[in-house]
Every structure is written in C-alpha cells, then in structure tokens.
Amino acid sequence: MTQRQHPKMALICPRVEARRTPGGEEEVTLHLSAPEMPDLTLKTPPPSAPTEQIRVWRTFGEAVDMGREVALWLEEYLGEEGFRLFYMSPHHKPRELLADGEWRDLCSEGEVVKHYCT
C-alpha cells in the first residue's frame with residue numbers, strides 16, 4: 001500500500017523520542033498523531049523480539065510487527081482493514097535488493113540497502 005492509494009497517510013505525524021535508561025540501554029518511543037484520532041504511543045521492541053520476513057517493493061528484510069493496537073489505529077484512520085506497522089532496527093538484518101530487469105542498473109544481486117526503515 002502506498003500514499004498514492006491512501007492519501008490520508010500523508011497526515012499521519014510520527015514523532016520519535018530516544019533516551020538512555022539508567023542501565024545504559026537505548027529506549028525509543030514512537031508517537032503517532034493524525035487529525036480526529038487519539039494520539040498513540042508505542043515503545044519499540046527490544047532486539048530480542050521475534051522478527052518476520054517482510055517485503056517492501058523489491059526488497060526483503062526482517063522486522064518486528066508492532067502489534068494489533070497500532071494496526072487498529074491505522075485501520076480506523078484510513079478506513080480499511082489489513083494495515084500493519086513493522087519496526088526495523090539497526091539490530092535486524094538489513095533489507096536486500098532484488099535483482100530484476102527494472103532495477104538492474106541500480107543494484108547488483110544481493111546488494112544491501114544502506115538505510116533502515118524505522
């Protein structure tokens with residue numbers, strides 16, 4: 001799904017807060033807001049959280065499903081079912097580009113994406 005298919009996605013405002021816990025661990029919180037919706041606050045999962053294989057366009061990687069609460073929030077705001085929010089941290093395997101005819105000039109098979117989607 002894309003913002004072209006769901007233009008209201010452009011109105012979702014994410015805000016990320018990062019802090020160090022007294023034990024030295026980094027704690028990251030994601031805040032989501034959108035018009036006429038209650039704000040939603042999510043803690044990012046620890047590196048040990050179970051991951052799923054995901055595909056974003058022509059790239060594959062590992063990420064953690066952020067859960068049903070945010071899925072319901074997205075479904076209510078966008079007026080359609082089937083939305084999930086995934087978190088990919090620097091601890092997860094980076095996305096790998098697929099080599100195909102459309103991307104042949106942009107990457108080599110097995111090339112790793114240098115940026116993470118979080």
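Pull out all pairs, ordered by first then second residue, where Cβ-Cβ is under 8 Å, the residues are six or more apart or on different chains, the first lies in segment 7-32 and is more than 14 Å from Leu78 (Cα to Cα), and the second is loosely packed, with under 10 Cβ neighbours inside 10 Å and of a type in the set (S, T, N, Q).
Glu27/Thr21
Within segment 61-75, work out how many residues are in contact (Cβ under 8 Å) with a residue 12 or more places away in the chain, of a type in the set (D, E, K, R) and surrounded by fewer than 17 Cβ atoms within 10 Å (Cβ to Cβ).
1
Given the structure, is Val70 at pLDDT below 90, under 20 Å from Val16 (Cβ atoms) and not basic (Lys, Arg)?
No, not satisfied.
Restricting attention to segment 1-40, report how many residues are among the small types (Gly, Ala, Ser), out of contact with any Pro (no Cβ under 9 Å at 6 or more places or on another chain) and not in a loop (DSSP other than H, G, I, E, B).
2
List the pairs whose first member sits in segment 41-60 and is part of a loop (DSSP other than H, G, I, E, B), whose second member is among the β-branched types (Val, Ile, Thr) and surrounded by 12 or more Cβ atoms within 10 Å (Cβ to Cβ), and whose Cβ atoms are under 6 Å apart, counting only residues at least 6 apart or on separate chains?
Close Cβ pairs satisfying both conditions: Thr44/Val28; Pro45/Val64; Ala49/Val64; Thr51/Val64.
Filter segment 65-87 for residues that are over 19 Å from Gln5 (Cβ atoms), of a type outside the set (A, V, I, L, M) and in a loop (DSSP other than H, G, I, E, B) and give the result.
Scanning segment 65-87 gives a single hit, Gly67.
Look through segment 48-60, keep the residues that are surrounded by 15 or more Cβ atoms within 10 Å (Cβ to Cβ) and under 22 Å from Leu32 (Cβ atoms), and return whichever of them is nearest to the chain's Cα centre (by Cα).
Ile54
The values are calculated or read from the model by the stated rules, or taken from the named source; none is laboratory data. Fair warning: this is a prediction, and the values are worked out from it, not measured in the lab. Reconstructed Cβ throughout: ideal geometry from the backbone, glycine too, with neighbour counts over all protein chains shown.
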